[in-house]
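Take a look at the structure below.
The values are calculated or read from the model by the stated rules, or taken from the named source; none is laboratory data. Everything numeric here is computed off the predicted structure, so don't read it as measured data. Glycine gets a Cβ as well: all are built from the backbone with ideal geometry, and neighbour counts include every protein chain shown. Ligands, DNA and RNA are stripped out before the accessible areas are found, and what is left, the full protein with its side chains, is counted by its heavy atoms. Shrake-Rupley method; radii C 1.70, N 1.55, O 1.52, S 1.80 Å.
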Amino acid sequence: MQIAAHCVARFHYTLTNSQGEVLDKSQEGQPMAYLHGGGNIIPGLEKELAGKVAGDKLNVTVAPGDGYGDKRPELIQQVPREAFQGIDTIEVGMAFQAQSAQGPMRVTVTAVEADTITVDGNHPLAGETLNFEVEITEVRAATDEEKTHGHAHGEGGHHHG
Ligand code: ZN
């Protein structure tokens, strides 16, 4: 069976950036599952998986535009330390939920100075060219419930609490 719309595919992956550093990988024995055409994975990867079958191995390079987008400078902001009232220690790498004009946004602290804190609301992988080493382990038809929910269920998929 080939990967197409209304299929659930499972695959192992290793994600590296353009410097060759491993950013993420699937767990041994636990390939991830996604619903093809459901927007569950980044577009640049989904596009390349179409038509593949179980057992296929491939390398996919995804430009930022087909991945997590370009880094948007307007999402990097300096905010006064007073905005972090009640938080004793602020360190680079800490993540906060911030209010923005577009609603709640996850921001990461990228610099700490005496009076100002720099936060970045970009996705951590925005602006990165990503390389995926992929091995497809299973392709099956999606169930009606999966199609309705827009994601894969079962092992490697979405679990409802
Ligand atoms: Zn569901």
Which residue out of Y68, Y13 is closer than 30 Å to E133 by Cβ and in contact with a strand residue (DSSP E or B) (Cβ under 6 Å, 6 or more places away or on another chain)?
Y13
Within the stretch 76-84, is even one residue open to solvent by less than 80 Å² (accessible area, probe 1.4 Å), outside any strand (DSSP E or B), at pLDDT below 90 and hydrophobic (A, V, I, L, M, F, W, C)?
yes
Can you name the number of the only condition in (1) in contact (Cβ under 8 Å) with a residue 24 or more places away in the chain; (2) away from the ligand (no atom under 16 Å from the Cβ); (3) surrounded by 13 or more Cβ atoms within 10 Å (Cβ to Cβ) that A98 fails?
(1)
If a residue has to be assigned to a loop (DSSP other than H, G, I, E, B) and either over 22 Å from N17 (Cα atoms) or within 16 Å of the ligand (Cβ to nearest atom) (or both) to count, how many in the stretch 106-161 make the cut?
15
How many of the residues making up the stretch 1-41 are hydrophobic (A, V, I, L, M, F, W, C), part of a strand (DSSP E or B) and out of contact with any Lys or Arg (no Cβ under 6 Å at 6 or more places or on another chain)?
8
